[in-house]
Amino acid sequence: MHLDRGAAETDAVDEDIQASLSADHGGYHFGPPAFGRLPNRAELEGFDAELRSHRSLPPGVVESLELLPSDAVPMDALRTAVSALALYDPDAGDDSRDANLRKATRLLARLATAVAALHRLSQGLEVVAPDPGLNHAANFLYMLRGERPEEFEARVLEVTLILYMEHEFNASTFTARVIASTLADLYGAVVGAIAALKGPLHGGANEKAMDVILEIGVPERAEAWVEESLRQKKRVMGFGHRIYKTADSRVEVAKKWGALLGKQLDDTRLSDICITVEEVMRREKNLCPNVDFYAAPIYHMMEIPIALNTPIFAMSRVVGWSAHIIEQIDNNRLFRPNSRYVGATDLEFQPLDRRG
Ligand code: ACO
């Protein structure tokens, strides 16, 4: 695939990413961020070099992954991979802040390798070693396919990774913080977060959303398809959000990059379907699309298997999870909500042999 992009178009999109990242997401109040400022150039280059140096999976982890069934659900396999990575981390057992930052860096570097390796093993292919000459997104596509991607394609993937990277108290991040609040380790908290992300009401929606778009197939069918689904009281995956009720600020960015990719590939069919579905969902239910609805077709245009959509979400969101885990531990108090019982209060204890 050969891709090229106009500088003016993508500069405008870069500004949109900034706007999306700095948007007021309202509601929750966090403690101070880990460092309180963006890295300077030397720090950024140092961090990038560190990531590149940590990408390889320990041989014992690769051997464990080779034993997994080839038809394992990728999110289940990824959860297992993180459990295995924990056992080989040189900082295992050290839960200091510095050790957690090192563990988070290794996990970020290695999760992308694990997603690519798991996919290749499931296909009976050799695992591709990371290329330290490539950036994070380009290297992922390289490890997945065994071929270096076009620069623009890697940039589009990178944009989706930025959009997915952090999103305050979503279900998986909250899961991670609850686990961290027991002073369990960072890896355990990320394993729990991956389990939460898999669900179709959360991260799993980016796989289900693609099923919807493919089922519709052509833009002309979109309106009737949505109307019929709503008539049958079905949920249209990739729409609605617990917090965003008018718009998900990430959508416009994903939509623009998806349209650019479609234009470069000379096939705007998926973008056209999405736009019609969005119009009908707003008109009929006043529901807005979430980022999954526009990220999913981007991955599909890159010929990435649908079952990897949520693992890719995870390999990005591990940044947010790790930051939240470290922030939680910095100022920890155990999460322990009360529950209010609303059932019968006049029940008498029945010994087992009298229970019928
Ligand atoms: N399709 C059709 N109708 C919907 C949808 C949808 N995707 N989402 C909500 N509704 C309807 C509900 O049926 C309900 O209608 P009613 O009042 O007529 O009964 C109303 O909107 C409110 O629904 P709730 O479930 O109460 O909304 P809530 O805010 O609790 O749910 C959720 C949010 C879970 C995300 C929901 O919108 C949904 O199931 N969406 C599809 C799954 C999805 O895309 N998840 C990704 C979330 S974003 C992320 O994780 C990156």
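The values are calculated or read from the model by the stated rules, or taken from the named source; none is laboratory data. Keep in mind the model is a prediction, meaning the values are calculated, not measured. So basically every Cβ, Gly included, is an ideal-geometry build from the backbone, and we count neighbours across all protein chains shown. Ligands, DNA and RNA are excluded from the accessible area calculation, which covers all protein heavy atoms including side chains. Shrake-Rupley method; radii C 1.70, N 1.55, O 1.52, S 1.80 Å.
Multiplying the sequence separation of A307 and S56 by 0.36 nm and subtracting their Cα-Cα distance, what value in nm do you get? Working shown, then result.
Working: separation 251, 0.36 × 251 = 90.36 nm, distance 2.28 nm.
In short, 88.1 nm is gained.
Going by the alpha-carbon gyration tensor, a ≥ b ≥ c the square roots of its eigenvalues, is segment 221-275 rounded (a/c under 1.5) or, if a/c is not under 1.5, prolate (a/b greater than b/c) versus oblate? Write down the numbers at each step before the final one.
Working: a/c = 3.80, a/b = 1.30, b/c = 2.92.
Note, shape of segment 221-275 comes out oblate.
Past 29 Å, Cα to Cα, is the threshold; run K103/K208; K198/K256; K198/K263; K103/K263; K103/K255; K234/K263 against it and keep the listed order.
Numbers: K103/K208 32 Å; K198/K256 26 Å; K198/K263 31 Å; K103/K263 40 Å; K103/K255 34 Å; K234/K263 32 Å.
Check vs 29 Å cut-off fails for K103/K208; K198/K263; K103/K263; K103/K255; K234/K263.
How large a share of the accessible area of segment 116-215, in percent, is made up of carbon and sulfur atoms when the probe is 1.4 Å and the other protein chains stay in place? Don't skip to the end; give the middle numbers.
On the way: 2080 of 3770 Å².
The C+S portion of the solvent-accessible surface of segment 116-215 is 55 percent.
Could you give the semi-axes, largest first, of the ellipsoid that matches segment 264-339, computed as the square roots of 5 times the alpha carbon gyration tensor eigenvalues and rounded to whole Å? Spell out each step's value before the answer.
On the way: eigenvalues 243, 81, 17 Å².
Ellipsoid semi-axes (Å, largest first): 35, 20, 9.
For segment 49-104, which whole-number percentage of the solvent-accessible area (1.4 Å probe, protein heavy atoms only) is attributable to carbon and sulfur atoms?
Working: 1540 of 2820 Å².
Percent of accessible area from carbon and sulfur atoms in segment 49-104: 55.
With the calculation restricted to Cα positions, what are the radius of gyration and Dmax of the chain in angstrom?
Values for the chain (Cα only, Rg and Dmax): 21.8, 78 Å.
Report the residue, chosen from E166, E50, E252, that carries the largest GNM mean-square fluctuation when the chain is represented by alpha-carbon nodes joined by springs under 10 Å.
E50
So what is the 222 nm mean residue ellipticity for the chain from helices alone, if each DSSP H run of at least 4 adds -39500 (n - 2.57) and you divide by all residues, rounding to the nearest 500 deg cm²/dmol?
Details: 15 runs with 212 residues, N = 356.
Calculated at 222 nm, the ellipticity per residue is -19000 deg cm²/dmol.
Quick one: ranking K233, K103 by accessible area, 1.4 Å probe, largest first, what do you get?
Working: K233 180, K103 5 Å².
Largest accessible area first, the residues go K233, K103.
Please compute the net charge surrounding A307, taking Lys and Arg as +1 and Asp and Glu as -1 over other residues with Cβ under 15 Å from its Cβ.
After counting each charged neighbour, the total is -2.
Most fluctuating residue of M301, M143, M237 in a GNM of the chain with Cα springs under 10 Å: which is it?
M301
Roughly how many Å² is the accessible area per residue of the chain, as a whole number, for a 1.4 Å probe?
Details: 18560 Å² over 356 residues.
I get 52 Å² per residue for the chain.
Any idea what the alpha-carbon Rg over 2.2 N^0.38 Å comes to for segment 207-298? Don't skip to the answer; put the middle values down first.
Details: Rg = 12.3 Å, N = 92, 2.2 N^0.38 = 12.3 Å.
Relative to the rule-of-thumb radius for its length, segment 207-298 sits at 1.00.
If you take the beta carbon distance between D98 and K285 as r and set R0 to 51 Å, what does 1/(1 + (r/R0)^6) give as a FRET efficiency, to the nearest 0.05? Don't skip to the answer; put the middle values down first.
On the way: r = 49 Å, r/R0 = 0.95.
After rounding, the FRET efficiency stands at 0.55.
D272 to V342: extension gain in nm, 0.36 nm per residue of separation minus the Cα-Cα distance? Write down the numbers at each step before the final one.
On the way: separation 70, 0.36 × 70 = 25.20 nm, distance 4.84 nm.
Additional length available on full extension: 20.4 nm.
Over the chain, calculate the relative contact order: mean separation of alpha carbon pairs under 8 Å at least 6 apart, over the residue count, as a percent.
23
Quick query: amide H of F239 versus all other amide H atoms, modeled in the peptide plane; which residues come in under 5 Å with a sequence gap of 5 or more or a different chain?
N290
How high is the FRET efficiency from R41 to K233, r the C-beta distance, R0 56 Å, rounded to 0.05?
On the way: r = 54 Å, r/R0 = 0.96.
It comes to 0.55.
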